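Input: a single structure, listed below in structure tokens.
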Amino acid sequence: MKSIQSLNYSVVFNKEGHQELSSLLSSNSYSKVFILVDKNTKKYCLQKFKTKLNLDFTYELIEINSGEINKNLETCIQVWNHITNLGGDRKSVLITLGGGVITDLGGFVASCFKRGIDFINIPTTLLSMVDASVGGKTGVDLGVLKNQIGLFANPKMVVVDEDYLETLAEREIKSGTAEIIKYGLTYDKSLFDEISTNNYKNINTLIYRSIEIKNEVVLMDPKENYLRKVLNFGHTLGHAIESYFLESTKVKSLTHGEAIAIGMVCESYLSTKIFDLSIEKLKLIKKTILEIYTKVDISKNYYPEILSLLKHDKKNVNGQINFVLLNDFEDYKIDCKVSEDLILESLDFYNS
Ligand code: GLY
């Protein structure tokens with residue numbers, strides 16, 4: 001597969017990606033190589049990664065605890081301490097081998113360590129392949145508030161290889177699917193059709209096209225001044241719902257994709273109410289999403305806290321909640337304001 005050129009790095013695929021990385025590492029431009037993993041990627045992906053690199057090289061492994069709950073500054077401090085104690089310097093490189101938590105946190109750690117060292121993303125989940133590892137957003141959560149601390153920093157390269165998905169649980173594959181649906185609804189409906197009809201038969205094509213779309217948007221608006229906000233479709237309500245379920249002791253956490261899928265149903269409802277998205281299309285979106293994701297009970301008791309979390313969304317400006325809505329498939333509106341009543345109605349719609 002042809003590599004995709006981003007701002008000042010490439011997304012390189014499969015064998016060619018690993019070969020390019022091997023050449024980079026064997027050129028001895030780095031004083032030390034660190035590989036950041038979690039328990040799962042250490043178990044399922046590290047050996048595969050080394051075999052694919054086919055290179056005899058020395059590295060230091062840094063392992064952090066898995067899961068969004070650990071995507072915080074405490075974990076960053078642990079990693080910075082490890083890198084320091086293991087002799088990391090400005091010429092070190094950090095390879096992030098994992099899902100969105102590893103690539104977001106690892107990119108942030110690398111970008112702040114001694115004012116910035118190189119990092120290379122090897123996404124091992126569908127979510128990080130099609131979204132997190134590409135586009136230069138790095139960061140961590142602040143309490144339950146998602147990605148509140150972070151910066152834009154580009155990796156040196158990204159290597160995408162669907163082989164890493166082999167051991168991924170179905171729930172995690174579905175988590176990444178939500179981002180592909182987002183690209184489908186906002187940018188290229190064929191992705192949405194492929195997901196709703198073909199049951200992941202062409203996963204390679206879905207991954208490739210998703211990265212192409214994300215990259216196209218990021219190249220036009222790297223720092224999210226305007227256009228890049230389209231990538232937040234489903235995420236305004238989705239992040240608030242994800243945070244609520246992460247924080248609450250009464251309910252089990254949702255994956256990012258499960259929350260974003262609920263967000264897309266609600267925000268499609270808002271689109272029908274405020275813009276021209278037809279009721280038939282709204283119904284198709286809801287049906288497709290509920291065929292993939294088990295319906296979640298968003299009790300009315302949760303509404304006040306979800307609204308309060310929405311008010312902390314990092315995309316808000318002057319306390320105003322901003323939504324991306326659809327006028328139609330592949331036709332979106334950015335910076336839409338919605339009344340609280342309508343937001344609650346959209347949750348009722350999801351529940352109905
Ligand atoms: N995940 C949305 C973005 O990278 O802009």
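The values are calculated or read from the model by the stated rules, or taken from the named source; none is laboratory data. In this text the structure is predicted, and so the values were computed from the model without any measurement. No Cβ is skipped: glycine too gets one built from the backbone with ideal geometry, and neighbour counts run over all protein chains shown. Ligands, DNA and RNA are stripped out before the accessible areas are found, and what is left, the full protein with its side chains, is counted by its heavy atoms. Shrake-Rupley method; radii C 1.70, N 1.55, O 1.52, S 1.80 Å.
For residue 78, the conditions (1) more than 16 Å from the ligand (Cβ to nearest atom); (2) in a loop (DSSP other than H, G, I, E, B); (3) at pLDDT 95 or above; (4) of a type outside the set (D, E, K, R) all hold with the exception of (2). Only one of the listed residues (57, 49, 34) is in a helix (DSSP H, G or I), on the phi < 0 side of the Ramachandran plot and aromatic (Phe, Trp, Tyr). That residue is 49. As a summary of the residue check, residue 118 satisfies the conditions (1) open to solvent by 50 Å² or more (accessible area, probe 1.4 Å); (2) more than 16 Å from the ligand (Cβ to nearest atom); (3) without any contact (Cβ under 8 Å) to a residue 40 or more places away in the chain except for the one numbered (3). Of all residues in segment 293-318, those that are in a loop (DSSP other than H, G, I, E, B) and not hydrophobic (A, V, I, L, M, F, W, C) total 12. I'd like to check something: does segment 266-285 contain any residue that is within 16 Å of the ligand (Cβ to nearest atom), over 18 Å from residue 193 (Cα atoms), open to solvent by less than 10 Å² (accessible area, probe 1.4 Å) and modelled with pLDDT of 95 or more? Yes, that holds for at least one residue. Scanning segment 7-19 for residues that are part of a helix (DSSP H, G or I) and crowded, with 16+ Cβ neighbours inside 10 Å, we see that the one that is farthest from the chain's Cα centre (by Cα) is 19. Looking only at residues in segment 201-216 that are among the hydrophobic types (A, V, I, L, M, F, W, C) and either in contact (Cβ under 8 Å) with a residue 60 or more places away in the chain or away from the ligand (no atom under 16 Å from the Cβ) (or both), the one that is most open to solvent (accessible area, probe 1.4 Å) is 203.
Does segment 129-142 contain any residue that is more than 16 Å from the ligand (Cβ to nearest atom) and modelled with pLDDT under 95? The answer is yes; a qualifying residue exists.
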